[in-house]
Amino acid sequence: MPFAQSLLESLGRDLPYLYGPLFLVFAATLMIWPGDLLVGRTNKRAWSYVAFLVLAAGGAMALYAPLGQGFSGMFRVDGLTKGFQFLSVLAGLITIVLSQPQLNALREQTVEYYALILFSTAGMMLLVGATDLVSMYFSLELMALCIYVLVAYLRHQERSVEAGMKYFMLGAFSSGILLYGISLLFAATGGLTTNLAELNEKLALATPNHTLLVFAGVLMVLVGFAFKVAAVPFHMWSPDAYEGAPTPITAFMSMAPKAAALGAFVRVFGTGFHGVSGEWMLPISFLAGASMVLGNVAALRQQSLKRLLAYSSIAHVGYMLLGVMSADAQAGGQAIWLYMLTYLLMQSGAFAILIHLQGKGEGERIDDFRGLARRRPVLAFAMLVCLLSLAGIPPLVGFFSKFYLFKLAIEQGHITLTVLALLTSAVAAFYYLNVVATMYFKEAPEGELKPMGSGLALILTVTCALILVGTLFGPKLLDWTAKITLG
Amino acid sequence: MPSMNMVLIFSFLLFSLGVVGVLIRRNALIILMCAELMLNAANINLIAFARHSGTVAGQAFALLVMGLAAAEVAIGLAIVVALYRRKNTITVDEIHLLKG
C-alpha cells in the first residue's frame, strides 16, 4: 500500500508542528468522557486544576514545537505563530483562574465549560499558524463555535442566552460572507489553489476580467475578519455579547480570539493579499478610522463597566488595524503582538477587580466603584494602574506599545490615520479617568467588602507588577519583541 | 457543460438570497436556514471550479464545509431552544434585553 505508507510518512514528519493544539483537543475530549467518570462532575475545584494544567502543558508543547512548514503548506510554525499562540494560551489560563468565583456560585456543571475553553484555544493556536485559506477558515470556526456556546453558557439567565443568540446569528452570517469570499478567490485562481503564498502570486497576475472577482473576494474576506475582531461598522454584536456573557468569558472574548484573529489578519492580508494591497488598503483604513472614533465616543456614555470595556476594545482594535495595514507584515505583526500582550495584562487586571466587585449579582456599573479608594486603597491603586495604562498615559507600559504601533504607522505613511488615533486616544483618557475619579472622589456606599479570593489576587498582583516592571524597560520592549517573534 | 460565468451568477443569486433572508426575516430558524444557504452558495463555487481545474482540493474543501455547516446548525438550534424555553418566542425583534 504505497498510498498508506506515504500518508504515514508525511504524518510522522508534519505532526510535531501540531503537538500543542492536538494535545488540547484530545485532552478536552477525554475530559468530557471518560474523565467525568474518574473525577466526578460535581468536583469543580479538581476540574479547574485539571483544565489549568492541561492548557499549560499544551502551551508548553506549542512553544517547543520545531520551526517549519507542513501539511502541504497549510500550517507554518514561525516566531510570530508561537508569539500569538503564547498570547492565546495565556489568555486561556487567566480566564480559567478568573472563572473560579462565578463558577463556584453556580449550579451548572463545569466540565464542559473548561473543555470548551480548551477546544477554543486549540482553534486559536491553529488559526495563527494557518497559511492556507482552508485551514484558516476551519480553525477560525473551531474557535468561534466554542465561544458561542460559552457566551450562552448560563442558560438559566435570559441575558446570557440572548447575548449568545445575537453573537451566533451575526457570527454565522459573517462566516458565510467569509467563506463566499474565499470561494471567489478560489475561482479567481481558476480553481487551483487557496495557499496564501501561491494566491499572492496568482492574484497579482489575474487577468482583467478577473479583477472584479478578486476585488469582491478580498473585500468579503475583509468583512468576515472585521466581524471577528469587531471593527466598526461590523461591531454591533460585541457590546451586547460582552454585557450578557458570563464576566470571565467577556474577559476571554476581549483577549484571546482578538489576539488570534488579528494574528491571522496580519498573515492573510500581509502575505496572501500583499500583491493586491491596492484593493484593500482604502477599505481597511476606513474600518480603522471608524473603529477609533466610534469605539471611543460610544464608550463615553456607558454606565456599565463591561460595556465600556467592550467599546474601548473596539477602539483598541482600530489602533491595531494600523499594524495590519503595514506593508511589512513582520514589523506589523510584531507591533500588534506587543500591543496585544500589554492589552492582555491590563484587561485581565481590570477584569479581576470587576469580577471581585461583581460577586453573584449584576454589580458591574461604574457607580459600584464609588469610594473604592477609601474602602480598599490597594485595589483602587491596582485599578488605577490598569486604567491609566489602557489609556496609554506615559510612562506606563500601555504608552510604549501604542507608541511603537503609531511610529510604525507613520513610517508606513499613514499620517492622517495616526493623527486621528492620537486625537481619539485623548478622548479615551477622558472615560478611563472618569472611572478613576469615581473611585477616588466619590462617597463610598455602606457595607463591607468581602476579601478577595486568592486566584483573583494572584492575577491582579502579577499583571500590575508586570505593567510596572514593563514601564521601567519600555524603550527595550520592541527589541525584545523582535527577538521573541523572530523565533 | 455550463460556462463558468453561469456558475458564478447562479451561486451569487443563491448567496444574495441568503443575505437578504438573514437581513429581512425575523424568525430565528429561517435566519439559520438562510445562513446555511450562504455556505452552500460558496460550496457551489468550490465544487464547480475544482471540476474546472481538474483538481480535488476544492471538492474536499466543500465536504469539510458541509461538516462545519452541520456543527453550526447544531449549536444554533441549541441556543434557539434555550432561548425559547426562557422567553417562549423565537422572533428576533422581541429579543431586546441588552442595548445601549
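The values are calculated or read from the model by the stated rules, or taken from the named source; none is laboratory data. What you see is a predicted model; the values in this text were computed from it and never measured. Reconstructed Cβ throughout: ideal geometry from the backbone, glycine too, with neighbour counts over all protein chains shown. Quick note on the areas: whole protein, heavy atoms, side chains included, nothing else; ligands and nucleic acids left out. Shrake-Rupley method; radii C 1.70, N 1.55, O 1.52, S 1.80 Å.
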Could you pull out every one of the helices (runs of 4 or more DSSP H) wholly within region A:363-422 that has 2 or more residues that are without any contact (Cβ under 8 Å) to a residue 40 or more places away in the chain?
A:377-391, A:397-411
Inter-residue pairs, beta-carbon under 6 Å, first at negative phi and more than 7 Å from chain A (Cβ to nearest Cβ) and in region B:42-57, second open to solvent by 40 Å² or more (accessible area, probe 1.4 Å) and in a helix (DSSP H, G or I), 6+ apart
B:ILE47/B:GLN59
Considering residues of region A:174-197 that are under 26 Å from the mean Cα position of the chain (by Cα) and not in a helix (DSSP H, G or I) only, the residue farthest from the other protein chains (Cβ to nearest Cβ):
A:ASN195
Check whether at least one residue in region A:208-223 is open to solvent by 10 Å² or more (accessible area, probe 1.4 Å), touching a residue at least 60 places away in the same chain (Cβ under 8 Å) and under 21 Å from the mean Cα position of the chain (by Cα), and report yes or no.
no
Residue check for B:ALA42: exposed (fewer than 13 other Cβ atoms within 10 Å of the Cβ) and within 13 Å of the chain's Cα centre (by Cα)
no
Given the residues B:LEU97, B:LEU68, which is the only one that is within 7 Å of chain A (Cβ to nearest Cβ), open to solvent by 10 Å² or more (accessible area, probe 1.4 Å) and within 15 Å of the chain's Cα centre (by Cα)?
B:LEU68
Which condition does A:GLU162 not pass, out of (1) within 7 Å of another protein chain (Cβ to nearest Cβ); (2) in a helix (DSSP H, G or I); (3) open to solvent by 20 Å² or more (accessible area, probe 1.4 Å), if it passes all the others?
(3)
Test: A:SER254 is of a type in the set (Ser, Thr, Tyr), in a helix (DSSP H, G or I), more than 30 Å from A:LEU103 (Cβ to Cβ) and more than 14 Å from chain B (Cβ to nearest Cβ):
no
Residue check: is B:LEU77 within 16 Å of the chain's Cα centre (by Cα), under 15 Å from A:LYS166 (Cα atoms) and surrounded by fewer than 14 Cβ atoms within 10 Å (Cβ to Cβ)?
yes
Kindly provide the set of residues from region A:44-83 that are open to solvent by 70 Å² or more (accessible area, probe 1.4 Å) and assigned to a loop (DSSP other than H, G, I, E, B), ordered by number.
A:TYR64, A:LEU67, A:SER72
Scanning region A:94-132 for residues that are in a helix (DSSP H, G or I) and touching a strand residue (DSSP E or B) at 6+ places or on another chain (Cβ under 8 Å) gives A:LEU126
Matching residues, region A:270-309, being surrounded by fewer than 17 Cβ atoms within 10 Å (Cβ to Cβ) and within 14 Å of chain B (Cβ to nearest Cβ)
A:VAL297, A:LEU300, A:ARG301, A:GLN303
Can you find a residue in region A:219-232 that is at pLDDT below 95, assigned to a loop (DSSP other than H, G, I, E, B), away from chain B (no Cβ under 12 Å) and over 28 Å from A:VAL97 (Cβ atoms)?
yes
Checking the conditions here, which among A:LEU133, A:LEU184 is in contact with a Leu (Cβ under 8 Å, 6 or more places away or on another chain), without any contact (Cβ under 8 Å) to a residue 60 or more places away in the chain and more than 30 Å from B:ARG86 (Cβ to Cβ)?
A:LEU184
Mind checking which residues of region A:441-461 are open to solvent by 70 Å² or more (accessible area, probe 1.4 Å) and either touching a helix residue (DSSP H, G or I) at 6+ places or on another chain (Cβ under 6 Å) or assigned to a helix (DSSP H, G or I) (or both)?
A:PHE441, A:SER454, A:LEU458, A:THR461
Before we move on, is A:PHE138 at the interface with chain B (Cβ under 9 Å from one of its Cβ atoms), within 30 Å of A:VAL97 (Cα to Cα) and either of a type in the set (A, V, I, L, M, F, W, C) or over 17 Å from the mean Cα position of the chain (by Cα) (or both)?
yes
